[in-house]
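Scroll down for the structure; my scribbles are underneath it.
The values are calculated or read from the model by the stated rules, or taken from the named source; none is laboratory data. Only a predicted model underlies this, so the values are computations on that prediction, with no experimental measurement involved. Cβ: placed from backbone, ideal geometry, glycine included. Neighbour counts: every protein chain shown. To get the accessible areas, we keep the full protein, side chains included, count just its heavy atoms, and leave off ligands, DNA and RNA. Shrake-Rupley method; radii C 1.70, N 1.55, O 1.52, S 1.80 Å.
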Amino acid sequence: MGFFNKIKQGLKKTSQLLNTDVRDLFKAEGRLIDEDFLEELTAILIKTDMGVAPAKAIVDEVGTKFRARVMQMEDVLATIKAKLKELMAQPEEPIRFAAQGPTVIMVAGVNGAGKTTSIAKLAHLFKSQGKQVVLGAGDTFRAAAVEQLTIWAERLGADMVKGDQGSDPASVAHRAVARAIETGAEVCIVDTAGRLQTQQNLMQQLTKIHRVIGKQIPEAPHEVLLVLDATTGQNGISQAKHFTDAVNCSGIVLAKLDGTAKGGVVVAIRQQVGLPVKYVGVGEKPEDLTLFVPDEFVDALFADLIAPAAA
Amino acid sequence: MFESLQEGLSGALKTLRGKGKLSEANMREGLGLVQTALLEADVSYPVVKDFVGKVTEKALGEKVLSSLDPSQQVVGIVHQELVDLMGPVDHSLHLKPSTTVLMLCGLQGSGKTTTCGKLGRLLKERERKPLLVAADLQRPAAIEQLHVIGEQLGIDVFSEPGAKDPVAVCQAAVKHAKKIGCDVVVLDTAGRLHIDEELMEQLRQIDRKVEPEQVYLVVDGMTGQDAVNSAKAFNEALELDGVILTKLDGDARGGAVLSVKHVTGVPIKFIGTGEHLDALQEFHPERMAQRILGMGDILTLVEQAQQKFDQDEMAKQEERLRKGEFTLDDYRNMLGQTKKLGPINKIMSMLPGMGNMQEMLDGVDAEGGMKRMGGIIDSMTPEERRLPSKIDQSRRRRIATGAGVEPHEVNELVKQFEPMAAIMKQMAGKGMRDRFKMMQDLQKGLSNPNAKLQKAKVGTGKRLSSAERAKLRKQREKEARRRKRDARRGG
C-alpha cells in the first residue's frame, strides 16, 4: 500500500470530520466570504491543533483573496491547501544512512508518546529492506519497558542489547552501538525512557546518551527521532524545542495518527522549530508506519472532499 | 503546570488595567487575548467561545460599570468562570465496605498503568486492600509492568498469563479478590482508540459483566483539541464517573482539563504530577483556576508543608531566628525541609507572582544544586558552620574535596549565604505580611539574572564622630610612614 492510501486510511476519520466541517460551510450555489465564514473556518483549522498563528495565516490568505465574493468550495479549498502546503514545505526526508558502518538512530520523546512501538515499526521497515538491526533497550526506568522491547525484538527477529532496570541507559546505548559494529549490522536503534521535556536532569541524561554514542562513531547518532503523539496539542512545540536543544533532533515520528486527532501541531513545529516529520504511525501493527510526504498529507486530508464534489 | 496559560492571561488582563470603566470596546482586546491564550493552552474551540461569551456578558453588567477597578473585576469573573467550568469537586472514590471495582480506561499512552499503581498506593494508604488487575492483554509486557509496580508497592496483582479475553480476566479477578480478601479491585484495561468499535465494545462488555462501581477515564494532560472527541466517545460508551488527568508536571498548559470537563460533565478526580507512584493529587478547581490566573496555590503549599515539614524542627528554627541566629547549620536544615516539599519548580509555581520566577529557574538544576549545597555544608566542621568567615583557602580545599565539588563552589555558597542570613534575621521579628513583602522584594532583585543578592547594610556596632575619624586617619598615616621608614632602614 502506498503512502497516500495508508495515510488516507489512517486519516479516514480525521478527514471525514474535517471535510464535513468544511463542506458544511458551503451550499450548492457557493457562499459569501464574510467575517462569519472566516470565523467558522478558523474554528475548523484550530481543531486540527495547528495552532493559532498558522490558522490565522491561512484564514488571512483566504480573506485577502476572496473577501466579499461568493465562492465555490473548490476554489477556497485550493487556496487553503496551497497555503497549508507552503507552511508545511519540507524535502521528503527518509532516514539518512551512514556511508559505512552502522547507522545509529536514537529515539526520544515524552512518556507514552509511542516510542517503543515506533521503534518496532522502524525495525520492521529496515528488516524488510534486508538490513540487520540491533536494538538498544535504553529505557531502563519504566517497569517492564525492556520486556516490551524484547518481545518486539523476538517477533521481528532483531538483535537486542539490554541492561537491568535502573542501570545506566548510556551504557546500554554504548553496548548496543558496539554490538552493531561487531556484528556488522547496518542499523542500530537506541530506545530511551520517556521523559517530560521540563525535567532538567533527565534531559541532561539524554544529552549524555547522545554524547556516549558519538564517542564510538564520530558522526553518530545519524538520526535523532522525536516521537510525537498525534493527539498532543500545543505542548508539542515545547517538546520539539526542548528535545532539539538537548539532543539535536533530526526529525519527528508522528505516532497514533489513526485516531481522530489530526496532528496539526507539526505545522506549528515546522514553523517555529523547523523540525520535519519523517514517518507517520497509523496503527498498532509493525507495518503501520509510512514515510511522510507533506503534499500528500495535505491532499489526503482533503481527498474525500474533492472527489464527491467533482463527481 | 499551567504557567503558560497563566502568563497569557495576565498579559491579556494587563491591558485592562487603568481603564476607567468596562465597555465592549476596551474589553475586546483583552478578551481577544484571553481567547488566544486559552486556545494556545489547548482548550477546545467551542469551549473557548463559550467561555469568552460568558465572561463578556457578565463583565458588561451594571455592577461592573460602577466598579472602580475593572481589571480586578474581570479577573474575578474569569476566575469564577474557570472554577465553574472545572467544578464541582468530588474526590471520593465511592468505596463500599465490601468489594468495590474501579475501572480505568483511556487512549494508548495516556498513563493508565502508572495511574493504576498510584491509585493502589493511595488505597493502601487509606488502609484498604487493593488488587490491581492486568487487563491490558494488548501491549507487549503491560502485564509485567503492573507486576513490577505491584511489587514495588507491596500490592497484589492479578493476571492470567496467556489469557486472550480481558472480560474473563476481569471476572476471574473479582472472584480472586473476594477469595484472598482484597476489598478494592482496580482494572487496568488496554489503551484503545475511541473509534475502534471492536475494542470499545470490549470495554462495554467488561462494564456489563463486571459492573465496576466507578469508571475513570485517564487523559493525557498534553492532549490538544482532540480531547473533546475521545472523552465524548468514552463517555458515551461507558458512562464515566470521573476523569484523571496525567502528566501535568511538565509545561503542558492543561487546557484539556477544561475541554474534558465540558463534554463529559463528570468530575475531575485526580491529577498526576510525576512519574513516581506518590505523584497523584486531588483536583481542586479553585486552586487550579487561581494557578491559571497567577494567583498562586497557597492552599496546596500550606497543606503540603504541614504534611511534610517537621513541626518541632520548624518551631526550633523560628526560635533561633527570633534570637537573630542563622548559621549554615540552620541553612542546611532549611534545605532539608524544603526538599521534603518536592521539586523547587513545583513549589515556585504554587506561590503567587512566582510564575515568572519559575521560568527563570527553568534550565537551572535546582534540586541538584540543593543537593550539592547540602553536601558542601555537611563537609564543614561545626565551627565553620557557625562562623563561615573562618573558611580560608586550605579549609575551602578540604571542604570541596569532601563534598566532591570545585573550591569556588564553596566560596559561592558562603557568599550566597551572607545576605540570606541577614534577610532571615530581619524576617524573624516580622509577621507573615512583612515576610511576604520581603520575599517579593527578594524576587524583584532576582529577576535581574546578573544581579547577586544585595548585601544588606548591617551596623558595625559603633558610630564615630568626625573628630574620631580624623584621629584614626592620622594614626593610620603615621603607621604607614613608620612602615615605610622601617622598610628603608631594613633594606
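Tabulated values for the structure
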| read-out | value |
| --- | --- |
| Given (1) outside any loop (DSSP other than H, G, I, E, B); (2) in contact (Cβ under 8 Å) with a residue 24 or more places away in the chain, index of the condition A:T198 fails | (1) |
| Boolean, B:R192 is assigned to a loop (DSSP other than H, G, I, E, B), within 10 Å of chain A (Cβ to nearest Cβ), open to solvent by less than 10 Å² (accessible area, probe 1.4 Å) and at negative phi | yes |
| All positions within the stretch A:134-173 that are over 20 Å from B:G150 (Cβ atoms) and among the acidic types (D, E) | A:E154, A:D159, A:D168 |
| Residue check, A:V146 away from chain B (no Cβ under 14 Å) and crowded, with 22+ Cβ neighbours inside 10 Å | no |
| Within the stretch B:99-133, tally of residues that are β-branched (V, I, T) and within 13 Å of chain A (Cβ to nearest Cβ) | 3 |
| Positions within the stretch A:45-79 being closer than 25 Å to B:Q35 by Cα and surrounded by 20 or more Cβ atoms within 10 Å (Cβ to Cβ), in sequence order | A:L45, A:I46, A:K47, A:T48, A:D49, A:M50, A:G51, A:P54, A:A55, A:I58, A:V59, A:V62 |
| Positions within the stretch A:156-206 being open to solvent by less than 40 Å² (accessible area, probe 1.4 Å) and among the β-branched types (V, I, T), in sequence order | A:V161, A:V172, A:V177, A:V187, A:I189, A:V190, A:T192, A:T198 |
| Members of the stretch A:209-222 found to be open to solvent by 10 Å² or more (accessible area, probe 1.4 Å), more than 14 Å from A:T244 (Cβ to Cβ) and part of a helix (DSSP H, G or I), listed by number | A:R211, A:V212, A:G214, A:K215, A:Q216 |
| Top-ranked residue in the stretch A:262-294 [being basic (K, R) and more than 11 Å from every other protein chain (Cβ to nearest Cβ); ranked as most open to solvent (accessible area, probe 1.4 Å)] | A:K285 |
| Looking only at the stretch B:96-106, and only at residues there that are out of contact with any strand residue (DSSP E or B) (no Cβ under 6 Å at 6 or more places or on another chain) and not polar (S, T, N, Q), the one that is surrounded by the most Cβ atoms within 10 Å (Cβ to Cβ) | B:K96 |
| For A:Q90: the one exception among (1) among the polar types (S, T, N, Q); (2) closer than 20 Å to A:I209 by Cβ; (3) away from chain B (no Cβ under 14 Å) | (2) |
| Filter result for A:L225 (among the hydrophobic types (A, V, I, L, M, F, W, C) and open to solvent by less than 10 Å² (accessible area, probe 1.4 Å)) | yes |
| The stretch A:156-177, residues that are of a type in the set (V, I, T) and either within 10 Å of chain B (Cβ to nearest Cβ) or not in a helix (DSSP H, G or I) (or both) | A:V161 |
| Sole residue being more than 23 Å from A:A178 (Cα to Cα), open to solvent by less than 10 Å² (accessible area, probe 1.4 Å) and either at pLDDT 90 or above or assigned to a strand (DSSP E or B) (or both), chosen from A:A113, A:A153 | A:A113 |
| Matching option when the condition is touching an Asp or Glu at 6+ places or on another chain (Cβ under 8 Å) and open to solvent by 20 Å² or more (accessible area, probe 1.4 Å), among B:G109, B:G150, B:G162 | B:G109 |
| Cβ pairs under 9 Å, 6+ apart, first in the stretch A:128-154 and closer than 23 Å to A:E186 by Cβ, second in a strand (DSSP E or B) and polar (S, T, N, Q) | A:K131/A:T103 |
| Matching option when the condition is of a type outside the set (K, R), under 23 Å from the mean Cα position of the chain (by Cα) and assigned to a helix (DSSP H, G or I), among A:A180, A:A123 | A:A123 |
| When residues of the stretch B:272-284 are limited to those that are closer than 18 Å to A:N111 by Cα and in contact (Cβ under 8 Å) with a residue 60 or more places away in the chain, the one surrounded by the most Cβ atoms within 10 Å (Cβ to Cβ) | B:G272 |
| Residues within the stretch B:209-235 that are out of contact with any Asp or Glu (no Cβ under 6 Å at 6 or more places or on another chain) and within 21 Å of B:H94 (Cα to Cα), tallied | 11 |
| Scan of the stretch B:120-131 for residues that are in contact with a strand residue (DSSP E or B) (Cβ under 8 Å, 6 or more places away or on another chain) and either more than 22 Å from A:A144 (Cα to Cα) or surrounded by fewer than 24 Cβ atoms within 10 Å (Cβ to Cβ) (or both), ordered by number | B:R121, B:L122, B:L123, B:K124, B:R128, B:K129 |
| Evaluation of A:A99 against (1) surrounded by 24 or more Cβ atoms within 10 Å (Cβ to Cβ); (2) away from chain B (no Cβ under 14 Å) (one fails), failing number | (1) |
| Test result for A:K131, outside any loop (DSSP other than H, G, I, E, B), over 27 Å from A:Q197 (Cβ atoms) and assigned by TED's automatic domain parsing to the domain that holds A:G283 | no |
| Of all residues in the stretch B:40-49 being open to solvent by less than 20 Å² (accessible area, probe 1.4 Å) and in contact (Cβ under 8 Å) with a residue 24 or more places away in the chain, the one that is farthest from the other protein chains (Cβ to nearest Cβ) | B:V47 |
| Among (1) at pLDDT below 75; (2) not in a helix (DSSP H, G or I), the one test that B:K316 misses | (2) |
| Selected residue (criterion: farthest from the other protein chains (Cβ to nearest Cβ)) from residues of the stretch A:241-261 that are outside any loop (DSSP other than H, G, I, E, B) and surrounded by 24 or more Cβ atoms within 10 Å (Cβ to Cβ) | A:I252 |
| Breaking point among (1) open to solvent by less than 20 Å² (accessible area, probe 1.4 Å); (2) within 8 Å of chain A (Cβ to nearest Cβ); (3) over 20 Å from the mean Cα position of the chain (by Cα), for B:T223 | (3) |
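Each row is one residue, and each column tells you yes or no for (1) at pLDDT below 85; (2) over 23 Å from A:G233 (Cβ atoms); (3) more than 25 Å from the chain's Cα centre (by Cα).
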residue	(1), (2), (3)
B:L31	yes, no, yes
B:A37	yes, no, no
B:A59	yes, yes, yes
B:K63	yes, yes, yes
B:V75	yes, yes, no
B:L85	no, no, no
B:S92	no, yes, no
B:T99	no, yes, yes
B:G111	no, no, no
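This table checks each residue for (1) part of a helix (DSSP H, G or I); (2) surrounded by 18 or more Cβ atoms within 10 Å (Cβ to Cβ); (3) touching a residue at least 24 places away in the same chain (Cβ under 8 Å).
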position: B:M380; (1), (2), (3): no, yes, yes
position: B:E384; (1), (2), (3): yes, yes, yes
position: B:I399; (1), (2), (3): yes, yes, no
position: B:V405; (1), (2), (3): no, yes, yes
position: B:H408; (1), (2), (3): yes, no, no
position: B:E412; (1), (2), (3): yes, no, no
position: B:Q416; (1), (2), (3): yes, no, yes
position: B:A421; (1), (2), (3): yes, yes, yes
